[in-house]
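Structure record follows, encoded as structure tokens.
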Amino acid sequence: ETGVTQTPRHLVMGMTNKKSLKCEQHLGHNAMYWYKQSAKKPLELMFVYNFKEQTENNSVPSRFSPECPNSSHLFLHLHTLQPEDSALYLCASSQAPLLAVYEQYFGPGTRLTVT
Amino acid sequence: GENVEQHPSTLSVQEGDSAVIKCTYSDSASNYFPWYKQELGKGPQLIIDIRSNVGEKKDQRIAVTLNKTAKHFSLHITETQPEDSAVYFCAASGNTPLVFGKGTRLSVIA
């Protein structure tokens, strides 16, 4: 248990659905991240939030919409996804503001399947 | 930007043998190099890290070495056990978000 929880753990959705992924960290960190993990690809950083402010958006399509209401919670809102969006979505947290120089801790991930 | 290459992509060792995974990076400004272990159905778990002012770091059966001149760093696991079987990722950063390697699937054969 790393102190970072994610719900749901598994999600199957159609291309016209709208769903949200939730992440919560209990480590007192103030930076949070969304990553996408696909088979045979490196971990892809999607978004970074530092003290609730988005500081990184790696050219992610607008069908993915992040929300960070406070330093402990992070959401990823999904709508009109494509089958190629099927992947493991990982949330992570760390201290800030030096971001990655501090140890980064991951949640267990949400396995998303788009049908 | 930073680019991290990791080798090998798969590695099989007999229980009790050592395993070595190597990574190279491109950005000379990188100064933080963590290693993560990911077991099936779980997120990556930080197992050891090294910063650029240190050449080697050990924690029980695992060690990491760093050669800043050559821009490469390695993970060494000694006396491997079946529970060491997992995917291992290296990463590099220099005040920027971590850049990860593609991972090494380690299988320890009993």
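The values are calculated or read from the model by the stated rules, or taken from the named source; none is laboratory data. Note that the structure is a prediction, hence the values are computed from the model and not measured. Note that we place each Cβ from the backbone using ideal geometry, even for glycine, and neighbour counts take in every protein chain shown.
If I filter the stretch B:33-43 down to residues being in a strand (DSSP E or B) and not basic (Lys, Arg), which single residue comes out as farthest from the chain's Cα centre (by Cα)?
Filtering the stretch B:33-43 for residues that are in a strand (DSSP E or B) and not basic (Lys, Arg), the one farthest from the chain's Cα centre (by Cα) comes out as B:Gln38.
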Q. Residues in the stretch B:81-105 that are hydrophobic (A, V, I, L, M, F, W, C) and surrounded by fewer than 22 Cβ atoms within 10 Å (Cβ to Cβ): how many?
A. 2
Q: Look through the stretch A:106-115, keep the residues that are buried (at least 21 other Cβ atoms within 10 Å of the Cβ) and under 26 Å from B:Thr96 (Cβ atoms), and return whichever of them is farthest from the other protein chains (Cβ to nearest Cβ).
A: A:Thr110
**Q.** Failed condition for A:Val48, given (1) more than 16 Å from A:Thr110 (Cβ to Cβ); (2) under 12 Å from the mean Cα position of the chain (by Cα); (3) free of Cβ contacts under 8 Å to residues at least 40 places away in the same chain
**A.** (3)
Q: Give the stretch B:79-91 a look and list any residue that's out of contact with any helix residue (DSSP H, G or I) (no Cβ under 9 Å at 6 or more places or on another chain) and either under 26 Å from B:Ser52 (Cβ atoms) or of a type in the set (Gly, Ala, Ser) (or both), or say none.
A: B:Ser85, B:Ala86, B:Val87, B:Tyr88, B:Phe89, B:Cys90
Q.
Go through (1) in a strand (DSSP E or B); (2) in contact (Cβ under 8 Å) with a residue 40 or more places away in the chain; (3) more than 10 Å from chain B (Cβ to nearest Cβ); (4) of a type outside the set (Lys, Arg) for A:Ala96 and report which single condition fails.
A. (1)
Q: Out of the residues in the stretch A:29-76 that are modelled with pLDDT of 90 or more and β-branched (Val, Ile, Thr), state the one that is farthest from A:Ala96 (Cα to Cα).
A: A:Val60
Q | Complete set of residues in the stretch B:15-32 that are assigned to a strand (DSSP E or B), touching a Ser or Thr at 6+ places or on another chain (Cβ under 8 Å) and more than 10 Å from chain A (Cβ to nearest Cβ) | A | B:Ala19, B:Val20, B:Ile21, B:Lys22, B:Cys23
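Condition check ((1) at negative phi; (2) surrounded by fewer than 16 Cβ atoms within 10 Å (Cβ to Cβ); (3) more than 10 Å from every other protein chain (Cβ to nearest Cβ)) across all residues:
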{"position": "A:Thr7", "(1), (2), (3)": "yes, yes, yes"}
{"position": "A:Val12", "(1), (2), (3)": "yes, yes, yes"}
{"position": "A:Ser20", "(1), (2), (3)": "yes, yes, yes"}
{"position": "A:Tyr33", "(1), (2), (3)": "yes, no, no"}
{"position": "A:Val48", "(1), (2), (3)": "yes, no, no"}
{"position": "A:Arg63", "(1), (2), (3)": "yes, yes, yes"}
{"position": "A:Ser71", "(1), (2), (3)": "yes, no, yes"}
{"position": "A:Thr80", "(1), (2), (3)": "no, yes, yes"}
{"position": "A:Gln104", "(1), (2), (3)": "yes, no, no"}
Q | Tally, over the stretch B:1-14, of residues that are of a type in the set (Asp, Glu) and assigned to a strand (DSSP E or B) | A | 1
Q | Matching residues in the stretch A:45-70 - criterion: being among the polar types (S, T, N, Q) and farther than 13 Å from A:Lys22 by Cα | A | A:Asn50, A:Gln54, A:Thr55, A:Asn57, A:Asn58, A:Ser59, A:Ser62
Q | Failed item, numbered, when A:Ser62 is tested on (1) without any contact (Cβ under 8 Å) to a residue 40 or more places away in the chain; (2) of a type in the set (S, T, N, Q); (3) under 24 Å from B:Glu2 (Cβ atoms) | A | (3)
